[in-house]
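Before any comments, here is the structure.
The numbers here are math on the coordinates, done by the rules we state, and not lab data. Model, not experiment: these values are computed from the prediction. Because the Cβ atoms are built from the backbone with ideal geometry, glycine has one as well, and the counts that use them run over all protein chains shown.
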Number of protein chains: 4
Amino acid sequence: MIKVGIIGATGYAGGELARILMGHKDAKIVWYGSRNYIDKKYADVYQNMFQIVDAKCLDDNMEELAKKADVIFTATPQGFCASVISEAILADTKIVDLSADFRIKDVDTYEKWYGIQHKSPQFIEDAVYGLCEINREDVKGARLVANPGCYTTCSILTAYPLAKEGLIDMSTLIIDAKSGTSGAGRGAKVGNLYCEVNENIKAYGVASHRHTPEIEEQLGYAAKEDVRISFTPHLVPMNRGILATEYATLTKQTTYEEVKAVYDKYYKEEKFIRVLDEGICPETKWVEGSNYVDINFKIDPRTNRIIMMGAIDNLVKGAAGQAVQNMNLMFGLPESEGLELVPMFP
Amino acid sequence: MIKVGIIGATGYAGGELARILMGHKDAKIVWYGSRNYIDKKYADVYQNMFQIVDAKCLDDNMEELAKKADVIFTATPQGFCASVISEAILADTKIVDLSADFRIKDVDTYEKWYGIQHKSPQFIEDAVYGLCEINREDVKGARLVANPGCYTTCSILTAYPLAKEGLIDMSTLIIDAKSGTSGAGRGAKVGNLYCEVNENIKAYGVASHRHTPEIEEQLGYAAKEDVRISFTPHLVPMNRGILATEYATLTKQTTYEEVKAVYDKYYKEEKFIRVLDEGICPETKWVEGSNYVDINFKIDPRTNRIIMMGAIDNLVKGAAGQAVQNMNLMFGLPESEGLELVPMFP
Amino acid sequence: MIKVGIIGATGYAGGELARILMGHKDAKIVWYGSRNYIDKKYADVYQNMFQIVDAKCLDDNMEELAKKADVIFTATPQGFCASVISEAILADTKIVDLSADFRIKDVDTYEKWYGIQHKSPQFIEDAVYGLCEINREDVKGARLVANPGCYTTCSILTAYPLAKEGLIDMSTLIIDAKSGTSGAGRGAKVGNLYCEVNENIKAYGVASHRHTPEIEEQLGYAAKEDVRISFTPHLVPMNRGILATEYATLTKQTTYEEVKAVYDKYYKEEKFIRVLDEGICPETKWVEGSNYVDINFKIDPRTNRIIMMGAIDNLVKGAAGQAVQNMNLMFGLPESEGLELVPMFP
Amino acid sequence: MIKVGIIGATGYAGGELARILMGHKDAKIVWYGSRNYIDKKYADVYQNMFQIVDAKCLDDNMEELAKKADVIFTATPQGFCASVISEAILADTKIVDLSADFRIKDVDTYEKWYGIQHKSPQFIEDAVYGLCEINREDVKGARLVANPGCYTTCSILTAYPLAKEGLIDMSTLIIDAKSGTSGAGRGAKVGNLYCEVNENIKAYGVASHRHTPEIEEQLGYAAKEDVRISFTPHLVPMNRGILATEYATLTKQTTYEEVKAVYDKYYKEEKFIRVLDEGICPETKWVEGSNYVDINFKIDPRTNRIIMMGAIDNLVKGAAGQAVQNMNLMFGLPESEGLELVPMFP
């Protein structure tokens, strides 16, 4: 039984980790860390856990936690993990960091986009970017996994096979992404109030969102070239879900079957990636509560572009589910253990 | 492995049965019945089931199905089950009927409120009202279970201990219930369009809703008297969830502790009923996707009334979850098998 | 041209006052008061007002404002108006207070329910309770109007004619009310975040909500007896709207026509009250954005109860619209000036 | 007083026409046409109009209507207007057609994208494309106006000045648009049910939506070249609103100020177009219920692209509001008469 500690257990991603791990046969949460709710019963913060979780929230004592837990999930704002990680801690435990601290290999890029100094650049090299379907083998041996961002997971996986196989001109890639509001976290801000989000849609972080360099770096590895994309996130009045609509010019005339074959090459054996039947557009509702990524595409011969679409649940495949998937790989468990979650509809 | 047939598999309750049974270790769906989608792949109707369910939808051939399945769930409009049930079928299989056909013991009452003639009154006596927490022992031996209505489940369980113990004056009981829109089914009606339901709330079926006599009959058994209630359902802009707010005059001055003790007497050992801590009002979101019933109450000494509140997921405890709970009891399985669903938040 | 000052202009009720007054021929806003946004452009707080309102937000200087404005709307938390009002101010201007400070005639009741000391009880006698349809004549001569609460307006008007005419047993009156989230204000609280409210419904303030004594006092005047009610508010996932479902035992056997005649007696000439056709249940969407109150009822002979339903837009008839209606009366303008707002659907 | 007839008065656009015209000083509705609700009171279909509109719904008798009305709005499916229009009718009345029948000058293009034969191609030449801000002078003299589509209005106006001035490479233009559900109309379809749309987002009509050629034609006129765009509409869980996010490569290095100056050149005097302050992203909520188009842009020097954003209320500027704006121009009235609608927030 793997002993799990969560730092940031009362955020939305932390709460989803708890939900998923309740159904995991080989893992057990031993630490519900939450700086804001120390000594408060976890189920008093998340009443859905009433009579399911009896534990109280604890402080962020990483040293103590490292001794108690086989793995720590840090579902915390950027900067936290980098500021507390150490060789001593990694000697005692493994870490899956759900923040951006170790996602980007280039420190300057990180510091520029996030506007903070990186406190532990010495661990960046060591960290494995935990996009399981792409870095599976590396994750298996990792002691520190950088769990990808929500927009990033969806954006990368949707375009990855085509980038890898050179089917699209990377300089033309545009990603227009739409997210449910849980992606904004549980902080009390006017902009996230019900009345401000409901009956509304807007773009934000235009040409400046922090997931941009993460997408560029990973797709750059795939395409074996420097990549610069346009990425525009939007806030949608729903709790969960990310839809990425991606546009790129094809490098040559291509048929549906050719593109489908490329997707199949990479994803046919992937349990959590579903390339839908021709003509079916992914909908976030069809993956809600699950670890699936639903993908499809349409070739537009009029413009010689391909339009790719990907949908995930931002809290599952975009955060907690992927973190558990990484944990499973790191501990040699079946990759889908605890993640056989059937999407909930409606 | 129990072989399960579903009639009405493409309705919302049918879809939820499929979702839940996917996670049931001892049951397997062998028949996805759907008159409207015969020969269409089930996953083409519910894309959340893509690559999870491969089966096609089948017609409603009860005789054939009875031979194939150990149990049939009829998630169909009222009248269907009564029109197809027979001794021959019940000799081959068990039935859990999610419609109202066998819920009400008095045929006249059924025919009056539903406005149709009952086609098989001879099976009414035989049928067990499948509110597991109350009729557990009877369900175990049943071959035909009448699965309670969604409003009914929530309304009855919220008031049951107080009715049973004589703490409330039954002639004063008023139930004001609020339901998500999935309770209205998947039929294409203008009144259920997104734009008509969204940003809106209304009462409907005032003093005439069909769940009224069902609640009255069951609470009458508990109180050992004829019961007449006011029951008002409301349509709320959300997919899932029922909240029942119930008002009754106390038969004598009573304290919080006394009432709490009565709830505990009946529900302390019930896995799926959670009587919340003092002062916490049930919220439908805290039970979403799960089989829980969350209950609490407040005594108002100013009016000598008690206000009781109960919350369920209408598609789980109010339909599919309870049906599976009944199946588990009928087949001697652990009652919570397949139902250890942690509520999803947010 | 009436010069209007608003204190609390950046709250939701304040914003709605601005919206409505933009369309008022004889009124002009001269002061957008907002302690939190001093010197910020009003349209930067409410972008809907971009290029419509050029003014900046100002501090709460009542003395200065009293000299500039013919009428001040205080859309502020309870306690504010009572703490700043004075004879000097009322010598210069009229006040419509949207808070609870002057709604309740009994100071002890106010202090008990609101948990604060009343700072200016000497003005309570003077204040007119601004439920225009009931106190029209008094409002005309008022210099201080206590604008009714949102739940209150809806709850009182729905039951008023029957209370006045003795058709219902006031000791049996139960009000189950449902409100959109704008009623909770624009403060940044976790409980009002999109993800917490969406797909959720709950009761709150059970048997303790502050609008209770206000409803009791006013219906007590109508019924000419002390009134004690059960009042339960609920939070509904929508921006605007209040629906009150009210239950009472009839004092004698009564027909639809008799009750209808009573409603007509009081409301037939009321422009903003619409008693719907028989069998039509009020829906909040049908009054959205308007000053209407939609009312209907159903007699239930089985229980000898009447179920009354009323719907308003909480920000219009429940706050800003009614405030403007009061202003119109106070200044001798046509009562509906600026309020000929057609409900927006969908 | 202009006498107005509406065909299709019970659709969402028809209902919005009625709402807006109620507040128009110089127009009066004389005919509520609705094939599906003949002889039913209009207010029974749209209860928001209870006690506001007394009229009954009438059949589609164009000849009779042409004699009664000074202008007819056809808020009908494509094909209707083309099949009933005639010289005789146009001799008696003017027409504002809210369908696509006369929007596209090239009949082949129309027939290919809409899949129907055009019944009255002889009137296409005559018809004026009613995008008032661009074709104002032509609209003034028109007897037949083709009211633009909702996506189209938003998409074109957002990019128009840059297309006109050659600032963007038209071959790179990509429009990713998001619409509220009222755009799908009031027809009873499973896909538009509350439970299917709520908590969900999806693309649809990818590379095949019928508004594509309309956008291409109009932007082609502006750019003075053939234009081929990628246009992807999405269905968003809200009632109203369209947001268009548009991407294009700049033809030369350009500053914020230069682009702003171009927008100002075309829109500074336009009452209904608001180019927001730098850095503010348009939100559909800020224009809800109004005739405004909110626009802004961001230059991304990393990719040499500009990202433009535009927001409208699809039922107002995207349908009924623009239709009234056209009517005002056609009859020599002030262009904003009846359209001084302040956006409703929240």
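Observations
- Gaussian network model of chain D, springs between alpha carbon atoms under 10 Å - residue of D:Asp54, D:Asp294, D:Asp313 with greatest fluctuation: D:Asp54
- When you work out D = kT/(6 pi eta Rh) for the protein assembly as shown at 4 °C and 1.567 mPa s, using the Kirkwood radius from C-alpha pairs as Rh and the Stokes-Einstein form, the result is 39 µm²/s.
- Cα-based Kirkwood hydrodynamic radius, segment C:151-314, one decimal, Å: 16.2 Å
- With each label modelled as a point 7 angstrom along the Cα→C-beta vector, the D:Asp169-A:Ser208 pair spans 2.6 nm.
- Spin-label pair D:Lys268/D:Lys3, simplified geometry with 7 Å Cα→Cβ offset, distance in nm: 4.5 nm
- Cα radius of gyration and Dmax for chain D (Å): 19.5, 62
- Using only alpha-carbon positions in segment B:251-290, the gyration tensor eigenvalues give semi-axes of 23, 14, 7 Å once each is multiplied by 5 and square-rooted (largest first).
- Counting only DSSP beta bridges with both residues in segment A:151-314, the antiparallel share comes to about 75 percent.
- Chain A: most fluctuating residue of A:Trp31, A:Trp113, A:Trp286 per GNM, C-alpha cutoff 10 Å: A:Trp113
- Rounded Å value of the spacing that divides the Cα centres of segment B:1-39 and segment C:184-226: 42 Å
- Charge tally around C:Lys252: other residues with Cβ under 12 Å, Lys/Arg +1 each, Asp/Glu -1 each, net -3.
- Centroid-to-centroid separation of segment B:259-276 and segment C:304-322 [C-alpha atoms, Å]: 37 Å
- Close Lys pairs in segment D:53-131, defined as Cα atoms under 26 Å apart and 8 or more places apart or on different chains, number 10.
- Dimensions of segment C:265-346 based on its C-alpha atoms, expressed as ranges along the principal axes with the largest first, amount to 49, 31, 19 Å.
- Shielding by other protein chains, B:168-178, mean Cβ within 10 Å: 4
- For D:Val107, net neighbour charge (Lys/Arg +1, Asp/Glu -1) across residues whose Cβ lies under 14 Å away: -4
- Sites B:Asp39 and C:Ile280, calculated FRET efficiency, Cβ-Cβ separation with R0 41 Å, nearest 0.05: 0.45
- Taking the three principal axes of the alpha carbon atoms in segment A:146-190, the coordinate ranges are 44, 23, 13 Å, sorted in descending order.
- Spin-label model distance (nm) - C:Glu257 vs A:Arg136, 7 Å beyond Cα toward Cβ: 7.9 nm
- Net charge over other residues, Cβ less than 12 angstrom from the Cβ of B:Ala27 (K, R count +1; D, E count -1): 0
- Whole-number D in µm²/s for segment C:2-126 (Stokes-Einstein; Kirkwood sum over Cα pairs; 10 °C, 1.306 mPa s): 106 µm²/s
- About the Cα centre, charge dipole magnitude for segment C:24-124 (Lys/Arg +1, Asp/Glu -1 at Cβ), debye: 260 debye
- DSSP beta bridges confined to chain D are antiparallel in about 45 percent of cases.
- Positive-end residue, segment A:151-314 charge dipole about Cα centroid, Cβ charges, pick of A:Pro301, A:Ser290, A:Tyr160: A:Ser290
- DSSP beta bridge pairing in segment A:2-126, given as percent antiparallel to the nearest 5: 5 percent
- Charge dipole (segment B:2-126, unit charges on Cβ, about Cα centre) - positive-most of B:Ile2, B:Gln47, B:Asn36: B:Gln47
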